[in-house]
1. Going by average Cβ density within 10 Å per residue, which order do the peptides 31-42, 172-183, 53-64 take, highest to lowest?
2. Note the listed values (1) 28, 19, 14; (2) 36, 18, 12; (3) 22, 20, 16, then indicate which one is semi-axes √(5λ) of the Cα gyration tensor in Å calculated from this particular structure.
3. Tell me, what ³J(HN,Hα) does each residue in segment 160-169 have, in order and in whole Hz, if you take phi through Karplus 6.51 cos²θ - 1.76 cosθ + 1.60 with θ = phi - 60° and put x for Gly and Pro?
4. If we count every other residue with Cβ under 13 angstrom of Ala162's Cβ, Lys/Arg +1 and Asp/Glu -1, where does the sum land?
5. Pull up all non-local amide H partners of Leu104: gap of 5 or more, or a different chain, and H-to-H distance under 5 Å with H placed in the peptide plane.
6. Which ³J(HN,Hα) values, rounded to whole Hz and listed in residue order, are derived for segment 11-27 from phi using the Karplus coefficients 6.51, -1.76 and 1.60 in 6.51 cos²θ - 1.76 cosθ + 1.60 with θ = phi - 60°, glycine and proline given as x?
7. What are the ³J(HN,Hα) values, in whole Hz, obtained from phi via the Karplus relation 6.51 cos²θ - 1.76 cosθ + 1.60 with θ = phi - 60°, for each residue of segment 108-117 in sequence order, with x given for Gly and Pro?
8. Straight-line reach from Lys23: which aspartates and glutamates fall under 12 Å, measuring Cα to Cα and dropping same-chain residues less than 8 apart?
Amino acid sequence: MDKIQLLSGVLTKTGDLLEGTKKDMKELPTPCSEFRVEDLVNHMVGWTRVFDANCNSRSIEGDANQYECKIHPASEYKAAATSLLDGWKKFGFDRKVQLMSSELPAESVFNMTVMEAATHGWDLAVATGQPIPYTEQEAQEILTRAVATLPAQYRGTDKPFAEIVEVAASAPAIDRLAGFMGRKP
């Protein structure tokens with residue numbers, strides 16, 4: 001699958017999930033145990049802003065993990081997502097991208113971007129009772145990229161990612177991606 005097509009589809013669908021999240025849902029728990037819906041939305045918008053800035057060789061103030069959305073989170077997300085997509089189109093993938101304090105291959109940053117968007121989109125869909133929108137092809141492509149990008153040393157207690165949850169090989173790719181990212185589909 002073409003990278004731009006993959007990213008565009010995932011960002012659009014994730015933005016639609018944010019649009020479908022109502023204000024009265026903000027206290028709901030999510031599959032990402034450290035977040036309520038409001039926290040998850042702030043995290044999603046904050047990190048999309050970081051990926052956007054870094055992809056476009058801009059710096060960004062503040063900590064993505066402390067970001068608080070303004071009045072309309074879905075609009076903030078969609079604006080950052082549009083700029084992010086435009087940055088990948090303009091600057092391409094044959095380069096290094098500064099992400100936080102590291103300079104990484106663009107391919108790795110791209111993989112992290114689609115993993116973040118789809119995984120937390122899944123979290124949001126499950127928490128708010130919305131249908132999970134990602135196609136089998138998108139989910140399989142992201143799972144393949146996640147396996148290539150996320151090594152075991154980043155998993156476990158006090159690490160950024162939970163341990164893999166075993167999911168049947170015959171399960172839909174989105175369930176296998178959720179399990180790989182430490183969720184229980």
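1. My ranking of the peptides, most packed first, is 172-183, 31-42, 53-64.
2. Among (1) 28, 19, 14; (2) 36, 18, 12; (3) 22, 20, 16, the one calculated here is (3).
3. Values per residue, Gly and Pro as x: x, 10, 6, 5, 5, 9, 5, 10, 4, 4 Hz.
4. Cβ neighbours under 13 Å give a net charge of -1.
5. Result for Leu104 returns Val97, Gln98, Leu99.
6. Result, rounded to whole Hz: 5, 4, 5, 5, x, 5, 5, 4, 4, x, 8, 8, 4, 6, 9, 4, 8.
7. 5, 5, 4, 4, 4, 5, 5, 4, 4, 5
8. Glu38
Throughout, read-outs are computed from the coordinates displayed, never taken from laboratory work. Since the model is a prediction, treat every value here as computed from it, not as a measurement. Note: ideal-geometry Cβ built from the backbone for every residue, glycine included; neighbour counts use all protein chains shown.
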